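Working notes for the structure below.
The values are calculated or read from the model by the stated rules, or taken from the named source; none is laboratory data. This one's a predicted model, so the numbers in the text were calculated from it and none came from an experiment. Don't worry about glycine lacking a Cβ; one is built from the backbone with ideal geometry, like all the others, and counts go over all protein chains shown. In case anyone asks, the SASA skips ligands and DNA or RNA and just uses the protein heavy atoms, side chains included. Shrake-Rupley method; radii C 1.70, N 1.55, O 1.52, S 1.80 Å.
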Amino acid sequence: MLLDRITLYHIKMKLVSPFVTSLGTESNEEHIIIKVDGEGVTGWGECVASANPFYTYETVQTAWHNLSDFLIPGILRKNFNTLDEAIFSWQKVRGHNMAKAGLEAALWDFFAKTKNISLSKMLGGVRDKIDVGVSIGIQSSMNKLIKSVEGYLEEGYKRIKIKIQPGNDIQPIKASRIEFPNILLQVDANSAYTLNDVKIFKAMDEFNLLLIEQPLGYEDIYEHSKLQREIKTPICLDESIRSLNDSRAAIELGSCKIINIKPGRVGGFTEAKLIHDYCTSQNIPVWHGGMLESGIGRAGNVALASLPNFTLPGDISASKRYFKNDIVEPEFIINKDGTMNVPSKPGIGVEVNMKMLEKVTVRREEFSS
Ligand code: OSB
Ligand code: MG
């Protein structure tokens with residue numbers, strides 16, 4: 001296998017509404033789209049590092065640097081026959097999981113297309129539809145929150161996640177529960193609390209939440225084990241899980257009962273699959289998180305979420321929940337029954353709309369020798 005051209009596109013896509021979390025407010029999504037070309041086949045991936053280092057330390061700029069100076073040189077015009085050989089070429093690079101995952105995703109798409117099978121099939125997917133949920137940012141009033149939840153439930157979403165932060169937690173949870181007593185409801189704190197807040201989490205136990213996502217430190221495993229012992233609601237780790245090793249530590253210590261898998265955070269589909277399989281062996285359910293991806297990253301997420309242990313609805317919503325226009329065709333839509341179809345065509349299974357991609361690109365660089 002010989003790749004003779006790799007292209008990076010720094011994209012900036014306006015969100016249909018600003019996404020507010022304890023980390024800040026995002027009005028635009030900035031990611032890197034990665035295109036690999038060789039032997040007449042094109043593979044696409046998305047690097048989910050954001051404009052700022054608030055969710056993880058990576059940014060578009062650090063990812064661009066690691067991709068161009070270390071990761072791409074490891075595979076461009078180098079003969080390799082398997083994905084593992086390609087991944088091995090950048091093993092010396094520590095961290096920078098999102099940069100690695102974006103390039104790995106493009107290679108998975110490339111290899112799946114070479115084999116003429118869907119990415120879902122190549123990853124070991126077993127479903128042709130996945131259950132989907134929606135992640136709702138912090139709203140300026142309870143009224144707006146309830147209206148927003150109501151709208152998404154009408155569209156069919158099977159599970160609602162609301163973002164919380166100190167001072168804006170019990171009230172929105174209670175308001176949502178009173179209005180919607182029976183929905184699957186979960187919350188995400190994005191590391192905004194400390195162990196001094198145990199009382200707040202104990203108070204959440206009465207609202208029948210599916211889980212509480214990443215309440216404490218973004219790299220913490222130890223303190224979460226203490227918090228989990230104090231509360232009944234399952235803790236689900238997001239930020240703290242960057243590898244199979246982190247997953248082992250968290251599960252053995254009892255730091256969480258559920259894991260959120262995002263390929264970008266863990267360094268790619270290969271590591272994500274290892275975590276998925278390990279969680280299966282430990283009876284730990286997993287679900288697929290989201291990074292406000294464009295349709296290219298979303299296609300990969302949908303394929304990964306078709307694996308058997310993704311038993312809870314993911315943060316995988318329709319294209320129009322994020323953007324007025326997506327950069328793939330067809331766009332991702334939600335079925336009335338709260339499911340999303342898993343593309344069955346080769347690779348990611350959707351076409352990149354080149355005109356749209358050019359429109360949202362703010363920087364582009366081609367590597368060919
Ligand atoms: O913590 O899960 C998170 C988006 C960006 C960064 C972190 C998170 C999120 C979301 C949105 O919650 C999930 C989505 O893509 O719909
Ligand atoms: Mg999260």
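If only residues of segment 332-369 that are among the aliphatic types (A, V, I, L, M) and farther than 22 Å from Ser118 by Cα are counted, the one that is least open to solvent (accessible area, probe 1.4 Å) is Leu357. The residue list Glu26, Glu39 contains one member that is within 12 Å of ligand 1 (Cβ to nearest atom), among the acidic types (Asp, Glu) and open to solvent by 40 Å² or more (accessible area, probe 1.4 Å), which is Glu26. I'm checking my understanding of the structure. Among residues of segment 260-270 that are among the β-branched types (Val, Ile, Thr) and either outside any strand (DSSP E or B) or over 24 Å from Glu58 (Cα atoms) (or both), which one is least open to solvent (accessible area, probe 1.4 Å)? Of everything passing the filter in segment 260-270, Val266 is least open to solvent (accessible area, probe 1.4 Å). Among the residues making up segment 42-75, those that are part of a strand (DSSP E or B) and either within 16 Å of ligand 1 (Cβ to nearest atom) or surrounded by fewer than 20 Cβ atoms within 10 Å (Cβ to Cβ) (or both) are Thr42, Glu46, Cys47, Ser50, Thr59.
Okay, residues lined up against (1) surrounded by fewer than 18 Cβ atoms within 10 Å (Cβ to Cβ); (2) closer than 28 Å to Phe54 by Cα:
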{"residue": "Gln91", "(1), (2)": "yes, yes"}
{"residue": "Val134", "(1), (2)": "no, yes"}
{"residue": "Pro172", "(1), (2)": "no, yes"}
{"residue": "Ile178", "(1), (2)": "yes, no"}
{"residue": "Gln186", "(1), (2)": "no, yes"}
{"residue": "Tyr193", "(1), (2)": "no, yes"}
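Condition check for Met1 on (1) part of a strand (DSSP E or B); (2) open to solvent by 10 Å² or more (accessible area, probe 1.4 Å): one failure, at (1). Restricting attention to segment 207-251, the residues that are in a helix (DSSP H, G or I) and among the basic types (Lys, Arg) add up to 3. In segment 195-204, the residue that is farthest from Gln139 (Cα to Cα) out of those that are touching a Pro at 6+ places or on another chain (Cβ under 9 Å) and open to solvent by 10 Å² or more (accessible area, probe 1.4 Å) is Asp197. Number of residues in segment 153-164 that are within 23 Å of Gln214 (Cα to Cα) and touching a residue at least 40 places away in the same chain (Cβ under 8 Å): the value is 6.
Only a single item in (1) farther than 26 Å from Glu351 by Cβ; (2) outside any helix (DSSP H, G or I) is not met by Val126, and it is number (1). Picking from residues in segment 211-248 that are open to solvent by 40 Å² or more (accessible area, probe 1.4 Å) and not acidic (Asp, Glu), the one that is nearest to ligand 1 (Cβ to nearest atom) is Tyr218. Test Met142 against the stated conditions and say whether it is of a type in the set (A, V, I, L, M), under 21 Å from Asn309 (Cβ atoms) and open to solvent by 10 Å² or more (accessible area, probe 1.4 Å). No: the conditions fail for Met142.
When Ala305, Ala272 are checked against the criterion of being within 16 Å of ligand 2 (Cβ to nearest atom), on the phi < 0 side of the Ramachandran plot and out of contact with any Pro (no Cβ under 8 Å at 6 or more places or on another chain), Ala305 stands alone in meeting it.
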